[in-house]
1. Mean shadow of the stretch A:301-360, computed from the convex hull of its alpha carbons, in nm²?
2. Considering every residue in A:280-290, what mean count of other chain Cβ atoms within 10 Å of its Cβ is obtained?
3. Determine the calculated [θ] at 222 nm for chain A from helices alone, applying -39500 (n - 2.57) to every DSSP H run no shorter than 4 residues and normalising by the residue count; nearest 500 deg cm²/dmol.
4. What 222 nm value per residue comes from the helices of chain B, counting each DSSP H run with n ≥ 4 as -39,500 (n - 2.57) and dividing by all residues, nearest 500 deg cm²/dmol?
5. Within the stretch A:61-80, which residues have the backbone N less than 20 Å from the label spot 7 Å out from A:PHE173 along Cα→beta-carbon, could you tell me?
6. Along Cα→Cβ, 7 Å out, is where each label goes; now give me the distance between the ones at A:ALA129 and A:PHE21 in nm to one decimal.
7. Around A:GLY31, which amide H atoms from residues at least 5 apart in sequence, or from another chain, sit under 5 Å from its own amide H, with H modelled in the peptide plane?
8. For the stretch B:9-115, would you read off the P(r) tail past 21 Å as a percentage of all alpha carbon pairs?
Amino acid sequence: MGQRTPLHGQHLALGAKIVDFGGWDMPLHYGSQVEEHHQVRRDCGVFDVSHMTVVDVHGPQALAWLQRLLANDVAHLETPGKALYSAMLNERGGVIDDLIVYLTGFGYRLVLNAGTRARDLAWMQEQAAGCAVELRERGDLAMLAIQGPHARARTGELVSSARAALIHELRPFEGMAEGDWFVARTGYTGEDGLEIMLPAAQAPDFFSELVGAGIAPIGLGARDTLRLEAGLNLYGQDMDESVSPLAANMGWTIAWDPVGRDFIGRAAVEAQRCAGGQPKLVGLLLEERGVLRAHQVVRVEGIGEGQITSGSFSPTLGKSIALARVPAATGERAEVEIRGRWLPVRVVRPNFVRHGKALI
Amino acid sequence: MSNIPADLRYAASHEWARLEADGTVTVGISDHAQIALGDVVFVELPEIGKQLAAEQEAGVVESVKAASDIYAPIAGEVIAVNEELTDSPELVNSDPYGSWFFKLKPSNAGDLDKLLDAAGYAAACAADA
């Protein structure tokens, strides 16, 4: 038996198929993963993401410490409410985790992956030695993601007027506290929506209200196809500690300026950048029937080979799509080996669907 | 609980087989199998005319989640395939016993008796779970 979120009993009552995810018993789907996917693209749905790791950073050196810990620069967060996506690198420039950091009234809040929790916390504690920072893991919080074009409007009807006003005012990639809730306009689907952190004891009632109002519960299966269509990386699949952010389509998240900011992994990634030749993470679109899967081999004629890191069927496009790490010189065409046959694929920017619209 | 019609025979690998009046055998995958797979998005069917041995790979069914082989429950020659599944693979989920994959001309009609009956298959599924 794995760890359970405060909503576990409700998932079972809703007919969820439960699977292990990073040591947690989580809902894979509540009937049809494809229907849940469409529900989020067309209307909205609610995900239990309470398994994710939330860490608050307090103390007078929080800013300086995070400027060393993270490849993106938290100094870009100028006013409370702003959020930033960043990699946390090791000294060799490998990705320990990817995370979102919010500037809050008390300091910073980090939201990290569930599967990397132990490694993340150990690493952060190690880096905090001798710094005037205090890390507080917020295991007392649950987290719900309400995602889809109608997510904010529908959620706003179910909460206090103060929270409804905040939901209305938040701009994309902002998050603010309201009472004992933290409401953010962030997500992992390529749609508008919210991520709400709230005391675990309040989560079952709020989840019931959302589902009772017709906001469908959505499992991890649809979460995966939604994020894949949006071209968002999944830690452990599209990158890990052996992979440079430059080879994971995360170069844009590295803040190179100011040049004097000595973040962990900087020297290694700078050397990689100067040397060149890092592979790149691209999108693949299979025009024939079939399904692209992680670990299938990608062949680029005259250039070399690569590998699919995430692949599935795209419910929105009705075709199979993938993220793949391929040689830097790869052009617009490649081939993928599926059960001994080489099928042609289009190489595209890894961003297939945004706000309900196909981009390719 | 999945639906297991009493008038069909089953392979432990989750195919169902139905003996038709003309002596041919129609093959599909069970309700239990489609539930385990989840949303089916792709089906690869065998070639007509292909001679299959019992338990030989006959095709592939892929869901959003994973790919899974389909096996010939008994030996025989493929005499028809259900092209409808190529365009509408989701029929495997909505109607698993109406959504046949292929028809075999059995090498030996008696082979069907070697397959599980509904009670035996129900027991096998229960042991699986």
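The values are calculated or read from the model by the stated rules, or taken from the named source; none is laboratory data. Fair warning: this is a prediction, and the values are worked out from it, not measured in the lab. Methodologically, a virtual Cβ is constructed for each residue, glycine included, from the backbone with ideal geometry; neighbour enumeration extends over all protein chains shown. Side chains are part of the model used for accessible areas, which takes the heavy atoms of the whole protein and leaves out ligands, DNA and RNA. Shrake-Rupley method; radii C 1.70, N 1.55, O 1.52, S 1.80 Å.
1. If I average the Cα hull's projected area over directions, I get 4.5 nm².
2. Values: counts 0, 0, 0, 0, 0, 0, 0, 0, 0, 8, 6.
Rounded to a whole number, the mean comes out at 1.
3. The helix-only estimate for chain A comes to -6500 deg cm²/dmol at 222 nm.
4. Working: 4 runs with 26 residues, N = 129.
Helix-only estimate at 222 nm: -5000 deg cm²/dmol.
5. The answer is A:63, A:66-80.
6. 3.5 nm
7. A:LYS17
8. Details: 1434 of 5671 pairs.
For the stretch B:9-115, the share of Cα pairs beyond 21 Å comes to 25 percent.
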